[in-house]
Amino acid sequence: MKTLQDVKELLHEWGTSNKVGSLLLFKYPGTKEINVLEERVVKLREMDEETANAFVILMDNLGIERGEVVRNKEGLPDRVKLTRRIG
């Protein structure tokens, strides 16, 4: 959770970067702190070689057309929700 000043600084940094995506800001009733989530698009060509290779292998091996990856509450990779054509 961030203060309003932290969010202003983060927004400036994010807005002047080359990142593509969205920032989501929300706060709970009765609090002064703000949660910030970043939804970011990272293209294959922007990944380092090792990560790009692993990503291609994952997509190809599972036949993924589009998907979402999620970590568990301990922060460990947990699952992939995938979409692919059948038939």
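Readers should treat all values here as calculations from the given coordinates under stated rules, not as data from a laboratory. Just so we're clear, the structure is a prediction, and the values are computed from it rather than from any experiment. For neighbour counting, all protein chains shown are included, and Cβ atoms are generated from backbone atoms with ideal geometry for every residue, glycine included.
Against the chain, whose longest principal axis is taken from its Cα atoms, helix 4-15 shows a tilt of about 40°.
Projecting the Cα atoms of Leu76, Met59, Pro29 onto the charge dipole of the chain, computed from C-beta unit charges around the Cα centre, puts Pro29 farthest toward the positive end. Counted by Cβ distance under 15 Å from Val7, the other residues give a net charge of -1, where Lys and Arg count +1 and Asp and Glu count -1. The alpha-carbon of Lys2 sits under 14 angstrom from the alpha-carbons of these aspartates and glutamates, leaving out residues fewer than 8 places away in its chain: Glu33, Glu38. Given +1 at the Cβ of Lys and Arg, -1 at the Cβ of Asp and Glu and no other charges, the dipole of the range 1-41 around its Cα centre is 80 debye to the nearest 20.
May I ask for the angle, rounded to the nearest 10°, between helix 49-62 and the longest principal axis of the chain, with both axes built from Cα atoms and the value confined to 0 to 90°? That works out to roughly 60 degrees.
How much net charge surrounds Ile86 when only other residues with a Cβ under 15 Å from its Cβ are counted (Lys, Arg +1; Asp, Glu -1)? Kindly include the intermediate steps, with their values, before the conclusion.
Numbers: positive: Arg66, Arg84, Arg85; negative: Glu65.
My count for the surroundings of Ile86 gives +2.
Restricting to DSSP loop positions (anything but H, G, I, E, B) with no more than 12 other Cβ atoms inside 10 Å of their own Cβ, which trypsin sites (Lys or Arg not before Pro) remain in the range 1-43? Don't skip to the answer; put the middle values down first.
On the way: sites: Lys2, Lys8, Lys19, Lys27, Lys32, Arg40, Lys43; in loops: Lys19, Lys27, Lys32, Lys43.
For trypsin sites (Lys or Arg not before Pro) across the range 1-43 that sit outside H, G, I, E and B with at most 12 neighbouring Cβ atoms in 10 Å, the list reads Lys32, Lys43.
Can you sort Leu76, Leu10 so the residue with the fewest Cβ neighbours within 10 Å comes first? Could you put the intermediate results ahead of the total?
Working: Leu76 7, Leu10 16.
In order of increasing Cβ crowding within 10 Å: Leu76, Leu10.
Bridgeable aspartates and glutamates around Lys81 (alpha carbons under 15 Å apart, same-chain partners fewer than 8 residues away excluded): Asp60, Glu65, Glu68.
For the chain, what relative contact order do you get, as a whole percent, if you take Cα pairs closer than 8 Å and at least 6 residues apart? Taking the mean separation of contacting Cα pairs over the length of the chain, I get 19 percent. Shown for Ile86, Ile34, Ile57: other C-beta atoms within 10 Å of each C-beta, ranked fewest to most, produce the order Ile86, Ile57, Ile34.
Give the residue list of GluC sites (Glu not before Pro) in the range 40-87 that are DSSP loop and have at most 13 other beta-carbon atoms within 10 angstrom. Each step should come with its number before you reach the end.
Working: sites: Glu46, Glu49, Glu50, Glu65, Glu68, Glu74; in loops: Glu65, Glu74.
Within the range 40-87, the qualifying GluC sites (Glu not before Pro) (loop, at most 13 other Cβ atoms within 10 Å) are Glu65, Glu74.
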